[in-house]
Every structure is written in C-alpha cells, then in structure tokens.
1. If amide hydrogens are placed 1.01 Å from N in the peptide plane, which non-local residues have theirs closer than 5 Å to the one on residue 357?
2. For segment 239-395, what are Rg and Dmax over the alpha carbons, in angstrom?
3. Taking only DSSP H segments of four or more residues, each worth -39500 (n - 2.57), what value at 222 nm results for the chain once the sum is divided by all its residues, to the nearest 500 deg cm²/dmol?
4. If amide hydrogens are placed 1.01 Å from N in the peptide plane, which non-local residues have theirs closer than 5 Å to the one on residue 88?
5. So if I restrict to the alpha-carbon atoms in segment 190-314, what is the Rg, and what is Dmax, the biggest pairwise distance, in Å?
6. Tell me, what ³J(HN,Hα) does each residue in segment 389-405 have, in order and in whole Hz, if you take phi through Karplus 6.51 cos²θ - 1.76 cosθ + 1.60 with θ = phi - 60° and put x for Gly and Pro?
7. So which of 159/271; 58/410; 233/271; 251/393 end up more than 27 Å apart by C-alpha?
8. Can you compute the FRET efficiency between residue 67 and residue 241 using 1/(1 + (r/R0)^6), with r the Cβ-Cβ distance and R0 = 25 Å? Round to the nearest 0.05.
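Every number in this text was worked out from the coordinates using simple rules, so none of it is lab data. No experiment lies behind these values; they were computed from the predicted model shown. Cβ placement follows ideal geometry from the backbone for every residue including glycine, while neighbour counts extend to all protein chains displayed.
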Amino acid sequence: MMGDLRPIYIDLFAGCGGLSEGFIQSGFTPIAHVEMNKDACDTLRTRSVYHYLKSQNKAELYTNYLKGLIDRNTLWSYAPLSVIESVINKEISEDSLCEIFDKIDNSLGNRAVDVIIGGPPCQAYSIVGRSRDPEKMKRDPRNFLYKYYVQFLKRYQPKIFVFENVPGILSAKNGVHLDNIFNAVRKAGYELEIPKKKFLNAKDFNVLQDRKRVIIIGWKKELSLSYPDFEEKEPQYEILRDLFSDLKKLKNGQGSLGLAPYEKEATAYLKMSRIRNGLDFTTQHIARPNNDNDLEIYRLAVEEWNNGRRLNYSELPRKLITHSNTNVFTNRFQVVNGRGISHTVVAHIAMDGHYYIHPDKTQNRSITVREAARIQSFPDDYFFEGSRTAAFKQIGNAVPVLMAEGIANKIKEML
C-alpha cells in the first residue's frame with residue numbers, strides 16, 4: 001500500500017488502530033488488520049483510505065470527508081478494494097481461522113511478513129475484571145486467545161512479534177497464563193526474555209497519560225536479538241496548558257461530531273506530538289449532556305481537586321448521593337489532572353464520563369471524544385466511526401499512538 005521497501009506487518013485484535021498508527025508513522029506497512037468490532041473496523045477502513053490517499057497526494061479528498069462534503073462510501077470508493085478488504089471484520093476463532101488466513105494470503109501475495117503485532121482483549125487479564133467476576137475470570141475464553149496469536153506466528157513466520165496487554169496478565173492465575181504464553185511461543189520457534197521493566201508506561205513516550213502496559217517482544221530463534229531498552233522520561237507538559245488550550249470551550253451537551261475550528265495556535269506539545277498535523281480544524285469535539293445532579297458533583301469534584309484533594313463519593317451531601325452502596329468505588333467521580341498528566345483512559349469512558357471530569361470548572365462537564373483521543377495521542381484528523389459511545393469505547397481500548405510509534409522504532413532497529 002505504501003511502497004515495497006517498508007517492513008510489512010499484520011495487526012491482530014487491532015481495535016481502532018492505535019498500535020497500527022504508531023507503526024505506520026514509524027515507517028511500516030500494514031498488510032492486514034483483524035478485528036471483531038464493526039465500528040472499530042469502519043474506523044480502520046477510513047484511516048486506511050486516508051493513508052492511501054496521502055500516499056497518492058490526494059489527502060484533500062479525506063479532508064472533504066472530515067468537512068462533511070462527501071459521505072463515507074464515497075470516501076472509501078477513492079481507494080482500491082484491496083485497501084478496504086485489508087481490514088478483516090472477524091472474531092478470531094477456530095471457525096474463522098481458515099477464512100482469515102485466506103484473506104491475508106491474498107493480500108500478501110509472495111511477500112514475507114516481517115512483524116505481527118496486537119494484543120488479545122484484556123478484560124480476562126485485568127485486575128478489575130477479575131475482582132468483579134465471582135470465578136475470577138478463570139473460565140473466560142479470552143484467557144486462551146493467545147493460542148490463536150501463536151497460530152499466526154506459525155503460519156506467517158514473522159521475524160519479530162509484539163504482544164501487548166494489561167499489567168494484570170503478570171498476575172492472572174498466579175502467572176500461569178503468562179507462562180503458558182511464553183511456552184507456546186517458544187514451541188513455535190521464537191525466543192523472548194522477561195524485560196528488566198515488567199511493563200512500559202505511556203508517559204515515557206511523551207503521552208500525557210499514566211498508562212502501564214506489558215509489551216512482550218519475541219523474535220525468531222535464529223536471530224541474535226534481545227529485548228530493547230526503553231528510556232524513562234516524565235513528560236514536561238500539562239493537559240490544560242499544552243493539550244486542551246486550543247480547543248473551543250464547551251458546556252455539557254455542546255459541541256459537534258463535525259467541524260471544530262481551533263481557537264488558538266498549536267502549542268509546542270501539539271506540534272511535537274503531531275497531534276495537530278496541518279488542518280485548521282478537528283472533529284468530534286462533542287461533550288456528553290449531564291443532569292443537574294451530576295453537574296453539581298462535577299463542580300465539587302473540581303473544587304476538591306484544585307484544593308489538592310480527591311472527591312470521596314461517600315462524603316457528598318446526601319441529596320447528591322444516588323447509589324446505595326457508598327463503600328464501593330468511592331472514587332467513581334474523578335478529575336483529569338489539568339496541571340499534569342491524565343490517569344489511564346479505559347473503555348468504561350463509553351459508559352459515562354464521571355471518571356474523566358474536565359479540569360476547567362467553568363466548562364463543568366466530562367471530556368469530549370476529541371479530548372480523550374488527544375490524551376491517547378491520536379492525531380486530530382483521526383476519525384472514529386460509529387456513535388459517540390462507540391468512539392469513546394474504541395479510544396479507551398486503544399494503545400496510545402506515540403507509545404506505539406516508540407515501540408515500532410525499536411522494532412525497526414531490531415530488524
């Protein structure tokens with residue numbers, strides 16, 4: 001799609017493409033994305049068309065889509081069918097493997113796969129998921145999706161693979177799942193080692209977010225490689241000043257899925273991160289509507305935060321408490337740290353915005369789709385298909401783009 005000399009990769013459990021976008025920005029070419037969620041696949045297709053049009057010096061056609069001048073089907077029609085079909089909307093299972101292999105084989109032709117990337121859905125490994133499940137996720141079939149990942153390694157024999165997941169994978173079933181993954185990968189002909197740092201943090205990649213992830217990297221046994229070194233560096237930027245300051249101020253329920261012109265020039269961070277990347281507008285800067293009760297809690301939460309304290313739900317005025325159990329999730333309302341970096345953005349942001357309250361009290365709302373995407377370091381021209389809720393879910397599940405690019409740069413050195 002973007003030149004024969006670029007290393008080729010397959011993205012499994014691809015989500016909306018955060019990991020993939022980082023690899024593309026690092027100079028890799030995707031040959032296939034496999035993802036079960038339709039909205040995420042539509043997002044991947046739209047982004048794949050963007051990259052194709054950009055490679056043909058026709059990026060203005062994509063800009064027309066963002067401006068609402070053409071619809072999605074028209075946009076997709078500007079790219080070869082192979083670009084659309086490279087996104088495979090299938091759940092990876094015993095029943096679907098042959099079909100997925102056939103589609104990838106058709107895309108590949110006689111080329112060799114250099115890298116396989118991706119991470120199986122993480123709920124089965126997450127500490128929160130296990131705490132909510134009476135059986136501690138022991139029977140969850142997602143615990144065993146790594147076996148399918150290994151099937152792709154056996155078939156396509158990439159030089160290197162990247163397996164991404166939540167820190168909970170280290171302790172799931174007392175480490176048995178991690179041991180099983182390592183053993184299966186070694187049997188498939190790959191070597192790996194436990195990294196010195198058991199997980200990487202997005203903030204070390206200039207992402208304005210405290211987000212820990214386990215990144216397993218493996219390589220063909222005949223290659224003399226080792227796990228790369230990743231530097232630790234605390235970002236010297238702030239959410240309000242450096243990430244949000246050029247976006248229009250909104251109240252709850254305001255904003256638009258369409259055009260959102262910038263209010264100010266790009267900050268140094270927005271330029272460095274390439275979140276602002278050439279257009280004079282973004283999209284999907286839209287805030288949820290809230291009831292008066294929630295808005296009063298948001299106001300109190302920001303006041304507490306500005307005074308150096310986190311709001312405790314059980315200590316709210318009685319008239320504002322709507323949940324009978326005040327002892328569980330006492331931090332159900334949480335403010336994004338405007339004077340530093342954000343706490344982890346997770347898929348639950350699709351359910352409500354209470355855990356991601358905007359730090360500017362005058363706006364009194366939860367963060368918008370675009371603000372969440374920026375915290376995940378997605379470029380401002382990245383468009384998330386589906387409803388507002390679907391967009392939030394895709395963003396919360398994604399790997400931050402800058403983190404993915406940093407990992408991809410290390411993989412490129414290894415290759």
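1. HN-HN under 5 Å from residue 357: 334, 335, 336.
2. Calculated on Cα positions, Rg and Dmax stand at 15.6, 49 Å.
3. About -9500 deg cm²/dmol.
4. Under 5 Å from the amide H of residue 88 lie the amide H atoms of 33, 34, 35, each far enough along the sequence or on another chain.
5. Cα radius of gyration and Dmax of segment 190-314 are 20.5, 63 Å respectively.
6. 4, 4, 5, 4, 5, 4, 5, x, 8, 7, 7, x, 4, 5, 5, 4, 5
7. The pairs that break the limit, which is 27 Å between Cα atoms, are 159/271; 58/410.
8. E(calc), rounded to 0.05, equals 0.30.
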